[in-house]
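The values are calculated or read from the model by the stated rules, or taken from the named source; none is laboratory data. Everything quoted here is computed from the prediction, not taken from an experiment. Heads up, the Cβs are rebuilt from the backbone with ideal geometry, glycines too, and the neighbour counts pull from every protein chain shown. In case anyone asks, the SASA skips ligands and DNA or RNA and just uses the protein heavy atoms, side chains included. Shrake-Rupley method; radii C 1.70, N 1.55, O 1.52, S 1.80 Å.
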Amino acid sequence: MVYRCRFDEALGLSIEARTAYARDGVLVLEDFVPAAQCQGLQQRALELVAEHAPQAPGTVFSARDQRYAKDAYFENSARGIGAFFEAGAFDAQGRLCVPLERAINKLGHAMHDLDPVFQAFSHGARLQAVADGVGLGDAKLVQSMYIFKQPGIGGEVNCHQDATYLYTEPQSVVGFWFAIEDAHRGNGCLGGLLGGQRGGLKQVFRRQAGGALQLEPLQADLRWDMEALEWLEVRQGTLIVFNGLFPHLSEPNHSAQSRHAYTLHAVSGQATYPASNWIQPGGMPFTGFV
Ligand SMILES: O=C(O)CCC(=O)C(=O)O
Ligand SMILES: [Fe+2]
């Protein structure tokens, strides 16, 4: 069973919490974010959708040029704010069949740097204290995402390890997943393979010599041992912290209830960050929590 506790403002992460994280690769911190702050982020995310979604490619799919436009848009979002549609938001003719605010799968990937509301939320001593507790003393933020998991059409996220996309040597990426709304089996909560981080990294998403991004296998067997799967049902305001090698997933949302989450990914400033990773600091250096 995943270890659940509250963050101690004075003491930080307890020995028990640190031990559980080392064993399982994941830790659940309940009541980390006050409800009013969750609502503020939700409100701001909707404003960002209104601002950015109209420029997002994807309202007509399957055309060849559309594919290039989508790839370029995705890559530019590494140091910007992009809006990405749910596949289920379109009809067979490729026309949007839900209102824009119900059509977006996620916003990403630099709100933590570029948007004042998300910037303020994504920094501070509390987050650094959590990072310290899981062994990420020199944390550098590389990515943020606001995931909507829309009612009815919220897509599945296949089992993966975040170190596949944010590779460092040695492995250092840590995921900070904030439940902006209650997340449960019905609306597509996270699930993960406890202890699965010990099996090492299965794949890496690297820029190839020709410039294209591609998944490369690092192990012969890419299957997951689903025996170890545990569902991480959490209330609004919970922070789930997980190791970059922790395998995790979420199911489609067939319910009438959305499942908003905000995620931050940080790496160690002491680790080597390769030029082949899809996200590069560019003109902006990766900033710390403090
Ligand atoms: O929220 C989800 O469904 C998946 C999130 C995820 O994979 C992550 O935060 O690393
Ligand atoms: Fe992930």
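Things to note:
- Length gained when the stretch LEU213-ALA275 is fully extended (0.36 nm per residue, less Cα-Cα span): 21.1 nm
- Look at where the Cα atoms of the range 1-50 and of the range 113-137 average out, and the two centres are 11 Å apart.
- LEU229 paired with ALA36, simple spin-label distance in nm, labels 7 Å along Cα-to-beta-carbon: 4.0
- Taking max minus min of the alpha-carbon positions on each principal axis, the range 45-174 gives extents of 50, 30, 26 Å, largest first.
- More than 17 angstrom apart: percent of Cα pairs within the range 202-290: 69
- Note: relative contact order over the range 70-188, using C-alpha pairs below 8 Å and six or more positions apart, is 24 percent.
- In the range 128-226, the inverse of the mean reciprocal separation of distinct Cα atoms equals 16.0 Å; this is its Kirkwood hydrodynamic radius.
- Proportion of all alpha-carbon pairs of the range 209-258 beyond 17 Å (%): 62
- Using a probe of 1.4 Å, the accessible surface attributed to ARG206 totals some 60 Å² when neighbouring protein chains are kept in position.
- Among ARG235, ARG102, ARG67, residue whose mean-square fluctuation peaks in a GNM of the chain (springs only between Cα atoms under 10 Å): ARG67
- Across the chain, the fraction of Cα-Cα pairs farther apart than 26 Å, rounded to a whole number, is 42%.
- For the range 106-138, the residues whose amide N sits under 13 Å from a probe point set 7 Å from the Cα of GLN43 along the beta carbon direction are 117.
- Packing around the peptides 133-143, 174-184, taken as the average count of other Cβ atoms within 10 Å per residue, puts them in this order, highest first: 174-184, 133-143.
- Accessible area in the full protein assembly, largest first, 1.4 Å probe, for MET226, MET1: MET1, MET226
- Cα gyration tensor shape of the range 118-185, rounded if a/c is under 1.5, else prolate or oblate by comparing a/b with b/c: oblate
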